[in-house]
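A short write-up of the structure that comes next.
The values are calculated or read from the model by the stated rules, or taken from the named source; none is laboratory data. Please read these numbers as outputs of a predicted model, since none were measured by experiment. So basically every Cβ, Gly included, is an ideal-geometry build from the backbone, and we count neighbours across all protein chains shown.
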Amino acid sequence: MIRALIGGKVLTMAGPVYDPGIVLIKDGIILAVGEHLAIPAEAEVYPVEGRVVMPGLIEAHSHIGICEEIYQEEGDDLNEFSDPITPHLRALDAINPEDIAFRDAIRGGVTTVGTGPGSGNVIGGETVVLKTWGRTVDEMVFRQPAGLKVALGENPKKCYGQKQKMPMTRMATAALLRQTLVAAQNYRDKLKHLSQKPDEVPERDLKLEAVLRALNQDVPVKVHAHRADDIMTALRIGEEFGLDMVIEHGTEAHKIVEELLRRKVPVVVGPSLSSRSKVELKDRTFKTPGILARAGIKVALMTDHPVIPIEYLSLCAALAVKEGMSETDALKAVTINPAEILGVSERVGSLAPGKDADLLILSGSILDVRSRVEMVLVNGNLVWP
């Protein structure tokens, strides 16, 4: 089937704005984007004059499907508090595709999400990237694993300190992380020398295999860090072990712009719409993403769903603009930037031939809170309304 969206203002996020423009879709893939395109006779035509057409929004950091809103005990699979080091846990195995938040995401224009374990453990497990529409997790997923979740700051020491168990301090959190990375290095060395010592094959270790994927830069290390000193700890450890790193939350990232810029480390900022529920959020501000973007740091925005309902990702972008972020940077922060940070920009995040047909048709700018999401397409399928 070929679909043609004709006459709207097309924001490609990868090149020019076409106003009016045309988007052609075939078999769930974008066929062409432009102004003067031939419309195949068999195409199903959608006139969208006076509307905005843009890529589906991307939430770079959430817990959708893992921490369900209604079933707060039965549907809470966020943190495994039995062990502070659990790299072998897979978010994939905890996602409920019937979490009603997926419906809310679609209604709010969010078509792709990064979701993963919480921040109670020093190493929480592996994250995953998936579409917000589908019958089963297996058909929704399109990057697995997508990252290794690590947490610094208040959460791990609070969770385990009250049990009188390590880590009780920031020192211990960093030490446990470094110790695990060293263990993975040693495991890698043993695997490298198998040809020389075939009798010394190590037993499979799921924990170390997961950490090894991060050491080999097959996946990024996604570090939960709010305070500037915690972010600096993450950067030091990243340099020590040669990690591909993303700072997530980054509440005080605006205080260390030069350090982040020098290391070319992206930041996923938020949840800035929340209250100051703990000490490390005292300097929370919607000014942070704009400061980082103007400095040249790659920035994405998060809701940290369910901390902020996922359908308000566009509102977070609008509030960032209100506090000084440019409209262009704010749009990038919920489309192409999170796609690149999540490692899925070859498929989503912009409108270009060959990419997945994940599109929104809006009554106006996504940055105008009065605008309505009128249509949502995921993989070329009309999923809203």
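Couple of notes before you dig in:
- Residue in region 149-168 that is surrounded by fewer than 17 Cβ atoms within 10 Å (Cβ to Cβ) and either within 17 Å of the chain's Cα centre (by Cα) or assigned to a strand (DSSP E or B) (or both) present: no
- Residue within region 109-132 that is hydrophobic (A, V, I, L, M, F, W, C) and within 20 Å of ARG227 (Cα to Cα) present: yes
Each row is one residue, and each column tells you yes or no for (1) without any contact (Cβ under 8 Å) to a residue 40 or more places away in the chain; (2) among the charged types (D, E, K, R).
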| position | (1), (2) |
| --- | --- |
| ALA214 | no, no |
| ALA225 | no, no |
| ASP230 | no, yes |
| ALA234 | no, no |
| GLU239 | yes, yes |
| GLU248 | no, yes |
| GLU252 | yes, yes |
| GLU258 | yes, yes |
| LEU261 | yes, no |
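- The one condition from (1) in the same structural domain as ILE106 (by TED's automatic domain parsing); (2) touching a residue at least 60 places away in the same chain (Cβ under 8 Å) that GLY354 does not meet is (1).
- Verdict on ARG178 being over 30 Å from LEU359 (Cβ atoms), in the same structural domain as ARG204 (by TED's automatic domain parsing), outside any strand (DSSP E or B) and in contact (Cβ under 8 Å) with a residue 24 or more places away in the chain: yes
Conditions (1) surrounded by fewer than 18 Cβ atoms within 10 Å (Cβ to Cβ); (2) farther than 27 Å from TYR46 by Cα, marked per residue:
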residue: PRO306; (1), (2): no, yes
residue: LYS322; (1), (2): yes, yes
residue: ILE336; (1), (2): no, no
residue: ILE341; (1), (2): no, yes
residue: SER345; (1), (2): no, no
residue: ALA352; (1), (2): yes, no
residue: ASP356; (1), (2): no, no
residue: GLY364; (1), (2): yes, no
residue: ASP368; (1), (2): yes, no
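- For the condition closer than 21 Å to LYS9 by Cα, at pLDDT 95 or above, in contact with a helix residue (DSSP H, G or I) (Cβ under 8 Å, 6 or more places away or on another chain) and surrounded by 15 or more Cβ atoms within 10 Å (Cβ to Cβ), PRO55 qualifies.
- Scoring LEU92 on the criteria (1) in contact (Cβ under 8 Å) with a residue 40 or more places away in the chain; (2) out of contact with any strand residue (DSSP E or B) (no Cβ under 6 Å at 6 or more places or on another chain) leaves a single failure, condition (2).
- Lone unmet requirement of (1) among the hydrophobic types (A, V, I, L, M, F, W, C); (2) outside any loop (DSSP other than H, G, I, E, B); (3) modelled with pLDDT of 95 or more; (4) in contact with a Pro (Cβ under 8 Å, 6 or more places away or on another chain) for VAL223: (4)
- Conditions (1) assigned by TED's automatic domain parsing to the domain that holds GLY134; (2) over 30 Å from PRO306 (Cα atoms); number of the one not met by HIS63: (2)
- Looking across region 237-293, just one residue is β-branched (Val, Ile, Thr) and at pLDDT below 95, and that is VAL279.
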